[in-house]
Amino acid sequence: MSGAILIVEDEEKLAALLADYLKQSGFDSEWLADGQAVVQWVRMHGPDLILLDLMLPGRSGLDICKEIRSFSAVPIIMITARIEEIDRLLGLELGADDYICKPFSPREVVARVKSLLRRTGGGLIASVQGLILDTSRYRATLHGHDLDLTIVEFKLLHFLFSNPGQIYSRSQLMHRIYPDERIVSDRTIDSHVKKLRKKISLAAPDQELIHSVYGIGYKFEASQE
């Protein structure tokens, strides 16, 4: 496996250590220490994945993540020494794909990088019912209408869509959508499903895609015309 990894970390020794381990696994890497320089660099160079520290001089990792998500779906792993639940949840809602907490093993970081790159290959997936999911841009359209989904809503729809007819419990969906399922309650999934259904209904009032299975969870099944 190969790819260009951007390391955004203000601790030079830690960044150098990560770069060495990534190189041993076949990855090229670049290092930035100043949060102010990150967005412009990403626009110019288009890395395959970003290791993004939460606490940076100049600008926070959360702000950087939010702006990057306005124009790119590049996989992002947040690195943090702050383990408060609100920071974790906020980071994921802004579009981070995974978290890793300091202190960590560099081998674990490389393993996370490989796993995330395997999961986010990108591309287009279309359904026979007019639903198109663009996994390279986290964009979903239904009969030509942009559903304007959040990152979490897109991940939820994409997972259910990729497994049509399969029923998943709330806990299974939490585990799939959030790297750390302990940070949210079961009702968080209900809230995302409700918002997702509303957006689908606005685009196609007579079409139901996400179905509730009483006492169990949810499934994707295109309604028949």
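The values are calculated or read from the model by the stated rules, or taken from the named source; none is laboratory data. Computed from a predicted structure; not experimentally measured. Ideal geometry is used to build each Cβ from the backbone, glycine not excepted, and the neighbour counts take in all protein chains shown. Areas reflect the complete protein model, heavy atoms only, side chains present, ligands, DNA and RNA absent. Shrake-Rupley method; radii C 1.70, N 1.55, O 1.52, S 1.80 Å.
Details
- Unsatisfied cross-links (Cα-Cα over 21 Å) in the set Lys155/Lys195; Lys66/Lys114; Lys23/Lys155; Lys102/Lys155; Lys155/Lys194; Lys23/Lys114: Lys66/Lys114; Lys23/Lys155; Lys102/Lys155
- Solvent accessible area, Å² - Lys66, 1.4 Å probe, full protein context: 130
- Taken one residue at a time, the phi angles of segment 205-214 give Karplus couplings (6.51, -1.76, 1.60, θ = phi - 60°) of x, 9, 10, 10, 10, 9, 10, 8, 10, 3 Hz. Gly and Pro are set to x.
- Summarising the label geometry, the points placed 7 Å from Cα in the beta-carbon direction at Cys101 and Glu221 lie 4.0 nm from one another.
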